[in-house]
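None of the figures in this text is laboratory data; all of them are computed from the coordinates on show. Just so it is clear, the structure is predicted and the values come from calculations on it, not from any experiment. Using ideal geometry, Cβ is built from the backbone for each residue, glycine included, and neighbour counts are taken over all protein chains shown.
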Amino acid sequence: MVTICTYNASTLASESSIEDLLMQARKIKYDVIGLAETRRSHPLNAVYDTGEELFLGICDRRGVGGVGVLVSTDLSVNIDSFEQLTTRIGRSRLKRCGSTPALTILAVYAPTSNYDEEEVEAFYLDMDRFYRRPYILQSHHWRFQCQEWTKKII
């Protein structure tokens, strides 16, 4: 069984915020944590002494977005790749290893109803495009989608 969590980080731009994330993550049982709103201006791929692996993408020019994943020590050997598809969508691929199936995990940061309709629609079109790609839907693969759906009240 793979335990996947989500976390809206608000920011992971500083070393102290990353250290805090790692400290808090060690208090829970997880294999992968999908991270949203990381607000980093530079990507990060780090392997820590404990064996945890952190992948962080970048935010947009306004400082909005940024996604990533934190992978536990036990599952870090399964990491195949992390790719930031947009500033709001990231994809992690984990290889099959023992009883752990191959996984493709999408970590997303959806725009709230405060954003204009064009930006919200563009996000969902991107999600649809990445969600429907054949290699995500291969048989014997699990797909997890971490997201926060927002309703716009009209």
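Quick notes
- Within the chain, longest stretch free of exposed trypsin sites (Lys or Arg not before Pro) [DSSP loop, at most 10 other beta carbons within 10 Å]: 63-131
- Antiparallel content of DSSP bridges confined to the range 4-146, in %, to 5: 70
- Sites count as exposed loop sites when they are chymotrypsin sites (Phe, Trp or Tyr not before Pro), lie in a DSSP loop, and have at most 15 other Cβ atoms within 10 angstrom; the longest stretch of the chain without one is 49-134.
- Relative contact order (%) - the range 4-146, alpha-carbon pairs under 8 angstrom, separation at least six: 17
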